[in-house]
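For reference, the structure discussed in these notes is given below.
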Amino acid sequence: MNRGTQSASGVGVDVIAGLVVLTVGVAPILLGEAQARELLAPKEQAITEFDPTKTPSLDQQKQGVPQSIFVWIKMARGYEVEWDTFGRKGWYTQDPRLKPVDPGTTVFAPDTPAVYIVFEVAPLEDPAQFSAKWYLEDEQGNVSEKPVGQDTLAVPGHERYGFLELTRTPEGWSKGNYLVKIYVTPQGQQAFHAANEVGTMRFKIADQMSPTGASAAGASASQ
């Protein structure tokens, strides 16, 4: 025996042998029990991290040509602040002008405490998060699925300069090539969603560091 119900809107629901039948007018729609409970299962954002993406390399720069959202972006051994500020934790106090130390360095020694990515963007209308994850590549050039580390910097609105700090792990740097994925998101959103990846950069850990400015990444649109 079939049991049917009728809603006030004229949409009928019939249960037939474990199936749910939605009747709108005279056209029945047959759905399985699982589909009746949830027609569109939400996709977990976590699984999008390694979805295929094609973002530009930020290593090759041309003078006067912005790189994605960046006016310029450089890999460096450190950074300097051109006037006194309260530092990174007090980023909101001023718009400190940053100067990369040895810009264009892409090969670092194993005892390097941190690799820096220093950048300038157009003045932000709203607060944003700039983030990076870095991955070790194997000898065949395959990128590890697990990141070595990550860093996020919150930049308030109407400011232009920032840096990302790729720190050495407690075990130390493994020698080899590294891929850095860079993300930009509005303040408060998921920092490392694949859709928010804006570009990549590369560096290497080896016994011999590259001379200053040896890489094309040292070209600056600000000069």
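The values are calculated or read from the model by the stated rules, or taken from the named source; none is laboratory data. On a predicted model such as this, the values are computed, not experimentally measured, just so you know. Neighbour counts are summed over all protein chains in view; Cβ atoms, including those assigned to glycine, are modelled from backbone coordinates with ideal geometry. Ligands, DNA and RNA are excluded from the accessible area calculation, which covers all protein heavy atoms including side chains. Shrake-Rupley method; radii C 1.70, N 1.55, O 1.52, S 1.80 Å.
A few remarks follow.
- For segment 144-155, residues that are touching a residue at least 40 places away in the same chain (Cβ under 8 Å) and open to solvent by less than 40 Å² (accessible area, probe 1.4 Å) total 2.
- Of the residues making up segment 191-223, those that are aliphatic (A, V, I, L, M) and either open to solvent by 40 Å² or more (accessible area, probe 1.4 Å) or at pLDDT 55 or above (or both) are A191, A194, A195, V198, M201, I205, A206, M209, A214, A216.
- Selection status of G141, open to solvent by 30 Å² or more (accessible area, probe 1.4 Å), within 17 Å of the chain's Cα centre (by Cα) and on the phi > 0 side of the Ramachandran plot: no
- Total residues in segment 132-172, condition under 24 Å from G78 (Cβ atoms) and either small (G, A, S) or part of a loop (DSSP other than H, G, I, E, B) (or both): 14
- The conditions of being hydrophobic (A, V, I, L, M, F, W, C), open to solvent by less than 50 Å² (accessible area, probe 1.4 Å), under 19 Å from L58 (Cα atoms) and more than 17 Å from the chain's Cα centre (by Cα) are met by F108.
- Selection from segment 111-128 of residues that are open to solvent by 30 Å² or more (accessible area, probe 1.4 Å) and not hydrophobic (A, V, I, L, M, F, W, C): D111, P113, Y116, P123, E125, D126, P127
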